[in-house]
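Remarks on the structure that follows.
A short reminder: the numbers here are calculations on the coordinates, not readings from a lab. As the structure is a computational prediction, the values presented were derived from the model and not from experiment. Please note: Cβ atoms are built from the backbone with ideal geometry, for glycine as well, and neighbour counts cover all protein chains shown.
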Amino acid sequence: MSTHPDPKNVLPATRMLLLGLSLAALWVTGCTQIVAPIDAIPADRVPKELLVQPTTTRSIDFARLRRPPEKMYLLDKGDVLGIFIDGVLGQVDEAPPVQLAPQNSDLPPALGYPVPIRDDGTLPLPLISPIFVKGLTIQEAETAIKRAYSEAGVLTANLEEPDNDDAEKNAGDDEDSQEEPKTKKGGIDEIRTIVTLMKERTYRVLVIRQDNLAAGLNNDVSQGLSVQRTVSAGLGQVLQLEEGKNDVLQALSLTGGLPGFRAKNEVKIYRGGNEQDYAEKDRKILEHYQTHLADRSPCSIPPKMVGVNNETIRIPLRLRPDEVPTFQPSDIILGDGDIIVVESREKEVFYTGGKLGGGEYPLPRDYDLDVLTAMAIAKQGFGALGERGGGGGGGGLGGQIATIEPGQLIVLRKLPGNQQIAIEVDVTKAINDPRSRILVKAGDTLILRHKPAEEILNFGMGTFFTFGISELFR
């Protein structure tokens with residue numbers, strides 16, 4: 001009696017075993033497209049309003065951020081004048097004191113004694129009432145001072161009279177002489193009156209910058225695979241800007257230059273010195289949210305809040321070729337209490353998953369980013385299979401044996417009303433046709449996967465090399 005099994009019974013049993021092993025391997029090795037499909041819309045069928053439109057921008061003319069120089073300096077509160085007047089501010093026939101200009105100032109050395117202009121625009125001087133000099137030039141202020149002393153009669157009363165003995169002698173020598181007595185000083189115009197600008201008025205401005213590079217230098221960098229987070233949310237600096245230099249360009253130059261890659265392409269200005277009714281503003285905000293957001297549907301879109309003016313000025317740093325700035329020349333002039341904010345771009349990122357691996361990457365600031373370039377940024381260009389073993393399945397038994405590259409990219413894009421759309425991009429088609437390379441938007445999630453056919457081929461090759469070869473040698 002033969003002990004060998006009947007071949008007719010072995011073949012079906014072997015097939016069943018291979019089928020069972022194949023199904024188990026199919027489940028274990030992560031063929032996600034088959035067992036976990038994503039309902040996505042092909043990129044060429046997505047409405048244009050849901051896609052990012054290409055944009056071309058240019059840098060703004062930075063001269064627009066600078067205050068044009070004034071032809072004549074006009075006095076105002078906070079200015080300090082150097083004044084010398086014979087017999088009033090300084091002795092007769094003495095040299096006026098010289099005061100060097102403050103450090104980093106463009107002013108020439110000043111002469112005289114310092115006299116500040118008051119908040120009401122007046123200049124306090126000895127022996128006369130305060131003189132209003134706000135809005136005057138230096139020369140006009142000097143003329144006003146001379147006129148004020150002349151009208152008050154203060155200096156003319158101090159004029160030296162002729163010596164009595166000399167007068168009698170002159171009278172005896174020539175009684176008929178009509179020559180007037182000579183004096184050492186004959187009037188206000190002959191008295192030295194010197195007015196110079198000793199110190200320009202300044203404006204206290206606070207600059208807050210969230211694009212600080214030094215704060216992130218000590219951080220651990222994860223091989224450039226994710227966004228670097230800075231230690232501090234932002235660094236602030238208080239500036240004292242002189243009159244004529246109190247503009248946005250000067251403030252940026254003194255705090256690190258123009259915003260870099262980490263910053264948004266705009267500068268915000270919060271005006272100081274304006275009293276705002278914050279209680280009324282907060283009441284309107286609470287009323288808006290309580291009215292429109294209470295018990296609302298998760299997919300509803302709340303209306304835009306109106307009636308709340310925060311008096312914020314936005315200065316763009318890049319414009320489209322056909323776009324012109326909308327801000328006024330007066331908007332870039334800074335005053336006391338103004339706050340300049342340069343915001344960070346840390347929220348302008350995209351995320352990756354699947355064969356791209358998990359990651360968070362910043363969007364470029366000055367150019368458009370398409371899906372193929374985003375894959376390159378994520379270190380997963382087309383043809384780089386096996387460099388990443390991220391979540392989403394290996395696409396074949398053993399994963400390392402598979403040679404078919406992932407050809408499907410899913411772009412998850414957020415929509416208003418807590419909704420999203422899944423866009424399917426055929427990688428091969430995108431390589432051959434630039435029109436299929438949709439642009440990446442901030443907040444997008446890119447998931448690279450195998451197509452069903454690719455997963456089946458990878459699984460078949462993995463199964464063959466795992467079970468088929470062993471059967472050939474049996």
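So here's what we get for this one:
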quantity	calculated
Placed amide H near Val52: partners under 5 Å, 5+ positions off or other chain	Leu439
Spin-label model distance (nm) - Arg147 vs Ala95, 7 Å beyond Cα toward Cβ	3.4 nm
Packing-based ranking, highest mean first, of 334-342, 446-454 given that Cβ atoms within 10 Å are counted	446-454, 334-342
Extension gain (nm, one decimal) between Lys304 and Leu319, 0.36 nm per residue minus Cα-Cα	2.9 nm
Glu346 versus Gln419: modelled label distance in nm, points set 7 Å from Cα along the beta carbon direction	3.2 nm
Calculated from backbone phi, Karplus (6.51, -1.76, 1.60) coupling profile of the range 408-420 in Hz, x at Gly/Pro	10, 10, 9, 10, 8, 10, 6, 10, x, x, 6, 10, 8
Among the listed pairs Lys134/Lys245; Lys134/Lys281; Lys304/Lys414; Lys245/Lys268; Lys264/Lys414, those beyond 26 Å (Cα-Cα)	Lys134/Lys281
Amide H contacts under 5 Å for Phe132, placed H, 5+ residues apart	Leu123
